Amino acid sequence: MSKNTKTFEKVNYIVRSAPGFNKRLIEEISLSKDEPDWMKELRLKSLEFFLKRPNPNFGVDISDFDINGIIPYLKPDAKKSASWDEVPEEIKDTFEKLGIPEAERKVFAGVGAQYDSEVVYQNIKKQLSKLGVIFLDMESAVREYPEIVKKYFMHAVPPNDHKFAALHGAVWSGGSFVYVPENVEVPMPLQAYFMMASPGIGQFEHTLIIVNKGAKLHFIEGCSAPKYSVSNLHSGMVEIYVEEGATMRYSTIQNWSKNTYNLNTKRAIVGKDATMIWVSGSIGSAKTMLYPASILNGKGARAEHMNITYAGNGQHLDTGSKVIHLAPYTSSKVDARSISSDGGYAFYRGLLRVSKLAHHVKSSVECSALMMDDKSTSGTLPIMEIMNNEADIGHEARIGRIKEEQIYYLMSRGLSEDDAKALIVRGFMAPVVKQLPLEYAIEFNRLVSMNFKSNLG
Amino acid sequence: MIMEMVMVKHVTPEFYTPSDYKVDDAKKLGNFKWRKPFAQEYIETGFPKWKRLKLSQISLEKLKPYEGTFLSGDAKILKTFDEAVEKNLIGEFSSVEFRGAHPKFTLMSQAFFNAGFFSEIKGHGNVFAHYDLDSNPTVIDNSIVVVRSGSEATITREVSGKGNLRVSTTKFIVEEGAKLKFFNVLIAPDTSLSVDSNSYIVKRGAKVEVYDIILGAERIASNHEFKLIEPEAKVKLTSAYFEIAQERADLEYKLIHNAPKTIGQLKGNGVVDDSAYVVFRGNIDIPHESYDVRSEEEGYTLNLSSKARVDAIPSLDVKNNMVNARHAASIGKLDEEKLYYMMSRGLDKRMAVRLIIEGMFRPIVDAIPVKSVKRDVEYGLSSRI
């Protein structure tokens with residue numbers, strides 16, 4: 001991913017807010033987005049919660065992080081465009097380096113690209129629009145589909161959920177809105193790409209996805225940022241509603257630069273016989289707290305969580321999952337894998353809750369952690385709360401290293417030690433990585449090879 | 001910017017109660033000079049607000065010396081804690097600090113104990129302590145056990161009856177090559193609160209086996225923290241619990257592998273029925289310098305009622321890659337097939353359930369060395385089925 005900061009310096013900004021979070025700022029953001037009153041009220045209410053709430057009492061230490069030094073809103077001088085040619089050259093350059101337009105041409109049904117606080121490009125294939133699929137930047141959706149947005153926006157994650165949900169509610173900007181009508185199966189994935197290009201900014205994009213009865217969608221989210229010496233903050237939010245019998249797959253590759261605090265909230269409400277699949281790969285950021293959640297509130301709802309976390313030098317990644325079984329005959333499966341190397345700290349934090357009324361639940365939680373050296377740290381904390389006796393719950397966790405026999409075996413077959421290690425790590429990650437879209441899977445494997453100075457392609 | 005790679009520490013909220021013990025209350029219990037510094041620290045500390053145990057208030061009764069005898073056995077030194085303080089036997093052992101379930105309760109044990117013992121075991125030793133809550137509704141015990149190098153100790157502690165409060169703090173020092181077996185039995189249904197904190201210092205090549213058997217009290221906090229401080233130390237804890245009615249139990253077991261080549265095992269088996277609620281926490285901590293550690297944790301809970309609740313909170317924290325650490329947990333109901341099979345052989349459902357549960361507890365009950373305790377556990381179990 002591009003680390004070239006020169007490109008970004010050329011981009012002009014038409015709104016650049018001063019650091020800090022206050023009522024005036026919120027009113028300015030709301031005004032500049034030409035929002036309805038209810039959204040402005042929601043923002044102001046959220047700000048109140050944010051100012052009152054303490055930092056989370058678990059997870060990564062953010063006491064060093066000066067949140068008031070963050071620039072909350074930065075609007076590049078570029079109108080949202082549906083044609084790639086109209087996007088300003090400097091911004092286009094950045095995304096082209098990330099392969100966005102090329103990817104769209106090849107495999108995606110639609111692409112959205114966000115640069116700092118605003119979406120600069122959004123496009124969807126015509127045949128999908130004809131089927132009634134809506135794929136818009138969030139601001140336009142607030143204006144064009146107020147009824148739908150109002151019904152769902154910050155209902156899965158209310159603003160007072162936690163401090164950073166409140167912050168998000170106050171200053172959110174950009175993100176995607178996806179609406180898939182009943183029984184429409186979107187044949188190719190939709191993709192959103194987030195770029196934090198400026199030093200010291202906060203990105204607070206909001207993704208709202210509604211997959212109606214019997215519909216099907218795969219959404220891919222990619223994140224990256226160049227590295228600066230000051231901290232950036234990413235506090236996005238994803239809310240997903242999977243209606244009866246629908247299937248939703250949400251894949252994320254998080255590769256924020258290592259000066260980023262990634263404090264993100266993702267939650268899906270899963271209806272009767274619906275399926276939610278989270279595939280998450282976290283390799284970037286300095287500190288991450290991210291626990292995608294599935295609320296299974298319809299009979300027969302299913303959730304699958306597949307996480308892979310790679311914590312390298314200077315990184316503390318506190319990732320996990322949250323599954324709340326509220327209805328009978330619901331099932332869930334969590335497969336979390338982590339690798340910590342070169343002094344990195346990977347921690348799995350999970351919650352599995354089976355409510356009193358959720359009988360005949362089946363759930364399995366598996367976490368495995370691979371430690372590459374004795375400088376690194378690994379931990380797991382899967383909490384299980386089971387409130388009835390008609391539940392079948394299994395859990396296993398393991399922390400270990402690569403066995404020397406495995407390395408010797410591969411070396412005896414002609415591989416170098418680095419190649420052998422890289423191959424074993426790839427094998428360990430494979431069940432999750434293979435769930436990612438091909439180009440991301442390749443990127444992931446390339447990263448592992450780089451870490452081991454391996455030449456495996 | 002230097003970024004610290006530390007976890008945010010969860011802070012337990014605290015509460016105070018006007019009826020709490022004062023420093024002067026320790027006077028009536030004797031050995032005031034020894035108790036005083038603990039009492040002074042105690043009054044500065046609040047009670048923990050435990051969410052899962054629903055502890056937000058506490059009723060304390062007047063402190064009284066323990067009535068009757070509670071201690072028997074044979075060991076090089078075996079004294080009640082009071083006698084040991086009088087005879088100056090405690091010495092440096094009292095300075096072994098530990099947090100236990102919560103500092104408020106460990107301090108309470110040290111400042112206001114009315115029971116407990118000090119034992120030093122050399123060669124072979126057996127100790128049996130039995131606290132009767134029926135005649136002593138408030139039992140606060142403070143104990144220290146030292147198992148000298150190469151010695152073997154068997155300690156059995158039973159707390160039974162209906163009382164108000166039981167608070168216990170015990171320190172075990174198990175020296176090089178020594179062996180300790182500890183049977184810790186609580187059969188105190190209708191007792192409002194039991195808080196039991198145990199700390200174990202396990203030295204080179206020493207072996208510790210602990211059986212934590214829990215059959216009631218309305219609210220229970222049981223805490224066992226093992227520090228394996230020298231190589232080849234080995235710990236095995238087996239927890240067996242059966243909670244019914246509205247009982248709540250928060251069981252916390254912690255293995256801290258402070259030395260390389262240490263082995264730890266936590267095993268929990270239990271049953272919950274009615275509206276009972278059990279939290280099973282198993283923590284494994286392997287610091288940076290501890291290579292070649294094997295540590296594992298396994299929990300199984302049988303849930304007999306749709307209203308009962310079980311939380312499993314296993315945690316692993318590993319800072320060295322030359323280790324093998326794992327945990328597994330399962331929570332389920334009675335195996336229908338097993339039940340059906342037994343009923344097809346002519347047993348009615350009650351008998352079949354009884355057999356399955358007895359089967360779960362049998363190996364532990366059989367291991368109990370004191371006959372009367374074995375009988376009490378058997379009776380306690382069968383009255384719960």
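Any read-out appearing in this document is the output of simple, stated calculations on the displayed coordinates, not a laboratory observation. Predicted model only: the values in this text are computed from it and were never measured. No Cβ is skipped: glycine too gets one built from the backbone with ideal geometry, and neighbour counts run over all protein chains shown.
Counting DSSP beta bridges with both partners in region A:6-290, what percentage is antiparallel, nearest 5?
Looking only at bridges with both residues in region A:6-290, the antiparallel portion is about 20 percent.
Can you pull the mean other chain C-beta count within 10 Å for peptide B:5-13?
Neighbouring Cβ atoms belonging to other protein chains average 6 per residue here.
Using only helices, what value at 222 nm comes out for chain B when you add -39,500 (n - 2.57) per DSSP H run of length 4 or more and divide by the total residues, to the nearest 500 deg cm²/dmol?
-5500 deg cm²/dmol
Using only alpha carbon pairs under 8 Å that are at least six residues apart, calculate the relative contact order of chain B and give it in whole percent.
Details: 988 pairs, mean separation 36.7, N = 385.
The value is 10 percent.
What does the charge dipole of region A:407-457 about its Cα centre add up to, to the nearest 20 debye, if the Cβ of each Lys and Arg holds +1 and the Cβ of each Asp and Glu holds -1?
So the dipole magnitude of region A:407-457 works out to roughly 100 debye.
Pairs A:K163/A:K362; A:K45/A:K151; A:K45/A:K213; B:K64/B:K371: which are spaced more than 27 Å apart, C-alpha to C-alpha?
Numbers: A:K163/A:K362 32 Å; A:K45/A:K151 17 Å; A:K45/A:K213 32 Å; B:K64/B:K371 30 Å.
Among A:K163/A:K362; A:K45/A:K151; A:K45/A:K213; B:K64/B:K371, the Cα-Cα distance tops 27 Å for A:K163/A:K362; A:K45/A:K213; B:K64/B:K371.
Taking a point 7 angstrom from the Cα of B:S94 along the C-beta vector, which residues in region B:121-159 have backbone N less than 17 Å away?
It comes to B:141-146, nothing else.
With chain B treated as a Gaussian network of Cα nodes joined by springs under 10 Å, which of B:A308, B:A129, B:A328 yields the largest mean-square fluctuation?
B:A328
Report relative contact order for region A:195-294 in percent, whole number only (criteria: Cα-Cα under 8 Å, sequence separation at least 6).
Across region A:195-294, relative contact order equals 29 percent.
B:K162: net charge of surrounding residues, Cβ under 9 Å, Lys/Arg +1, Asp/Glu -1, itself excluded? Could the numbers behind the result be given before it?
Values: positive: none; negative: B:D134, B:D190.
In short, -2.
Send over the per residue convex hull volume for the protein assembly as shown, Cα only, as a whole number of Å³.
Enclosed volume per residue, from the Cα hull, is 175 Å³.
Counting only DSSP beta bridges with both residues in the protein assembly as shown, tell me the antiparallel percent, nearest 5. Write down the numbers at each step before the final one.
Working: 38 of 291 bridges.
Antiparallel: roughly 15 percent of the beta bridges in the protein assembly as shown.
If you bin the C-alpha pair distances of chain B every 10 Å from 0, what whole percents do you get?
5, 23, 33, 26, 11, 2, 0, 0
Report relative contact order for chain A in percent, whole number only (criteria: Cα-Cα under 8 Å, sequence separation at least 6).
Over chain A, the number comes to 9 percent.
So, counting K/R as plus one and D/E as minus one, what does the shell of residues with Cβ under 9 Å around B:E247 add up to?
Once positives and negatives cancel, what remains is -1.
Over the Cα atoms of chain A, each weighted equally, I'd like the Debye log10 I(q)/I(0) at q = 0.08, 0.13 Å⁻¹, rounded to two decimals.
Values returned for q = 0.08, 0.13 Å⁻¹ are -0.44, -1.23.
Starting with the fewest neighbours, write out B:H257, B:H124 ranked by other beta-carbon atoms found within 10 Å of each beta-carbon. Could the numbers behind the result be given before it?
Details: B:H257 30, B:H124 13.
So the residues, fewest neighbours to most, are B:H124, B:H257.
Any chance you could check the Cα centroid distance between region B:209-255 and region A:177-198 for me, in angstrom?
50 Å
Say the cut-off is 27 Å between C-alpha atoms; which of A:K79/A:K126; A:K322/B:K49; A:K322/B:K234; B:K254/B:K338; A:K79/A:K130 go over it?
A:K322/B:K234; B:K254/B:K338
Any idea how far the Cα center of region B:147-204 sits from the one of region A:213-262, in Å?
Value for the Cα centre distance between the two parts: 50 Å.
Which one, B:N164, B:I43, B:S72, projects farthest toward the positive side of the charge dipole computed for chain B from Cβ point charges (K/R +1, D/E -1)?
B:S72
Among the DSSP beta bridges whose two residues both lie in chain B, what percent are antiparallel, rounded to the nearest 5? Write out the running numbers ahead of the final one.
Details: 11 of 138 bridges.
Within chain B, antiparallel bridges account for around 10 percent of the total.
Would you mind ranking B:Y211, A:Y121, B:Y200 by Cβ crowding within 10 Å, fewest neighbours first?
By the 10 Å Cβ count, ascending, the order reads B:Y211, A:Y121, B:Y200.
State the answer as a single residue: which of A:H162, B:V11, B:G91 lies farthest towards the positive end of the charge dipole of the protein assembly as shown, with beta carbon charges of +1 for Lys and Arg and -1 for Asp and Glu, about the Cα centre.
Of the candidates, B:G91 comes out farthest on the positive side.
Report the longest stretch of chain B that contains none of the GluC sites (Glu not before Pro) sitting in a DSSP loop with at most 13 other Cβ atoms within 10 Å.
Values: sites that count: B:E4, B:E61, B:E67, B:E97, B:E289.
The longest uninterrupted stretch comes out as B:98-288.
Give me the net charge of B:E209's neighbourhood, meaning all other residues with Cβ under 13 Å from the Cβ of B:E209; Lys, Arg count +1, Asp, Glu -1.
In short, +4.
Return the FRET efficiency for the residue pair B:T17, A:D85: r is the Cβ-Cβ distance, R0 is 60 Å, and the value is rounded to the nearest 0.05. It would help to have the intermediate numbers written out before the result.
Working: r = 73 Å, r/R0 = 1.21.
Working from the Cβ atoms, E equals 0.25.
Mind sorting B:V96, B:V23 by how few other Cβ atoms lie within 10 Å of their own Cβ, fewest first?
On the way: B:V96 13, B:V23 16.
Least crowded to most crowded, the residues run B:V96, B:V23.
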